[in-house]
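In what follows, a single structure is set out as structure tokens and then discussed.
The numbers here are math on the coordinates, done by the rules we state, and not lab data. Owing to the predicted nature of the structure, the values given are computational and were not obtained by experimental measurement. Glycine also receives a Cβ, built like all others from the backbone with ideal geometry; neighbour counts cover every protein chain displayed.
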Ligand SMILES: Cc1ncc(COP(=O)(O)O)c(C=O)c1O
């Protein structure tokens, strides 16, 4: 194993920001009170939560009362879809895109098995949603539309503001899984005009196990987890105080988000240009125009993504072949298949997602190693084919 470790998988999860690490050391002893207790220890923990809520509400331009802390985006997504299905009886149809995260797709499948009619918006090879299909299936029967802000694999961005307006014209509610946008682009919920949005702290340089659900004040909201009066009785369970505190700290970094996005976009574009130049038969997956600034998703012909990933891992580079949640699963990425890529193309996919700690040197080293690894694997493949033909 190479002694130098380079992490290039920030759409899967992010390392802790140095400021977050420092604050954890400072608060480790003092955060322990139960925020529901009224004594000094409880008040201290409650204050940490209050500050985090305030910071996050400013980042998203919404009211602090519209934010509910959860255990992560999977819980936030489940909460919106399942509670609306259970409680809104006069509308029975649901819409999502065909390339949502499994925490939306599988929840939609679940409510479908319980009687909901679910429409899945197809997506083109260029990563664009079929808006004509969307317009046609939207109706007065639609309860909820759930479409992600940005795709975790290709980084492609979707026209959420326009889609939310279209849903509202039919009286339907709109949810966006905004996990991948946070920390990479400006996410102004007021401007997007959605009813609900999901976020995850661990995709934003904060601790795992903390997430957020935005619920617009005027939109229906129902608890998913029943229990104590936490989160104004909208989400029972003692709060993950440290996780929430780290999430809130990151929310103060509006300036860094803008600066880093510009820097990473340049690095990503440099990497893309070099890879396409140096490795024949390689192409970008989805749209290369309308996407997150940190993400590069590629198909490299004749290469098995898993094998390439393992080769790069031995050299110290952490990348992904698709969504991290499906790694270890030999099936090609459902997102790429839904975009119309063949199984062989999808098997050769590689996702590189940059983050705030990546440097230009790291990217140049990665490009060199990727070129060598692909050459090696293609050579082995050619030799193997020759042996096979003999
Ligand atoms: C788009 C998207 N939504 C939801 C999730 C799930 O987030 P969490 O790990 O906080 O449950 C992820 C994580 O991979 C994601 O990329």
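Out of the DSSP beta bridges found with both residues in the range 18-250, what percent are antiparallel (nearest 5)? Mind dumping the intermediate values first?
Values: 11 of 26 bridges.
Just about 40 percent of them are antiparallel.
Extension gain residue 238-residue 375, at 0.36 nm per residue separation less the Cα-Cα distance, in nm?
Working: separation 137, 0.36 × 137 = 49.32 nm, distance 5.27 nm.
Contour length minus Cα-Cα distance gives 44.0 nm.
Can you tell me the FRET efficiency between residue 50 and residue 259 if r is taken as the Cβ-Cβ distance and R0 is 25 Å, rounded to the nearest 0.05?
Working: r = 28 Å, r/R0 = 1.12.
Calculated value: 0.35.
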So for the chain: antiparallel DSSP bridges make up what percent, rounded to the nearest 5?
-> 55
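Sorted by average packing, counted as other Cβ atoms within 10 angstrom per residue and highest first, what order do 359-366, 79-86 take? Don't jump to the answer; show the numbers that get you there.
Details: 359-366: 15.6, 79-86: 21.4.
Order by mean packing, descending: 79-86, 359-366.
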Does a label point 7 Å from the Cα of residue 4, set along Cα-to-beta-carbon, have any residues of the range 358-376 with amide nitrogen under 16 Å, and which are they?
-> 358-373
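Within 10 Å, count the other beta carbons around each residue, average over each peptide in 159-172, 194-207, 113-126, and list them highest first. Could you put the intermediate results ahead of the total?
Details: 159-172: 17.0, 194-207: 26.6, 113-126: 15.3.
Ranked from most to least packed, the peptides come out as 194-207, 159-172, 113-126.
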For the range 43-59 versus the range 175-239, the gap between their alpha-carbon centres in whole angstrom = 14
When the Debye formula is applied to the Cα atoms of the chain, each taken as the same point scatterer, what base-10 log of I(q)/I(0) results at q = 0.12 Å⁻¹?
-> -0.95
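Sort 69-76, 38-45, 90-97, 306-313 for me by packing, meaning the mean count of neighbouring Cβ atoms within 10 Å per residue, highest on top. Write down the numbers at each step before the final one.
Working: 69-76: 24.0, 38-45: 14.0, 90-97: 19.5, 306-313: 17.6.
Sorting 69-76, 38-45, 90-97, 306-313 by mean packing, highest first, produces 69-76, 90-97, 306-313, 38-45.
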To the nearest 10 degrees, the tilt of helix 40-60 (Cα long axis) against the first principal axis of the alpha carbons of the chain is 60
Quick one: helix 360-389 against the long Cα principal axis of the chain, what's the angle to the nearest 10°, folded into 0 to 90?
-> 50
Kindly list the residues of the range 191-214 that lie in the label zone of residue 357, defined by a backbone N under 18 Å from the point 7 Å along the Cα-to-C-beta vector.
-> 201-209
Tilt of helix 160-169 relative to the longest C-alpha principal axis of the chain, in degrees (0 to 90, nearest 10)?
-> 50
FRET efficiency, 1/(1 + (r/R0)^6) with R0 51 Å, evaluated for residue 34 and residue 165 via beta carbons | 0.75
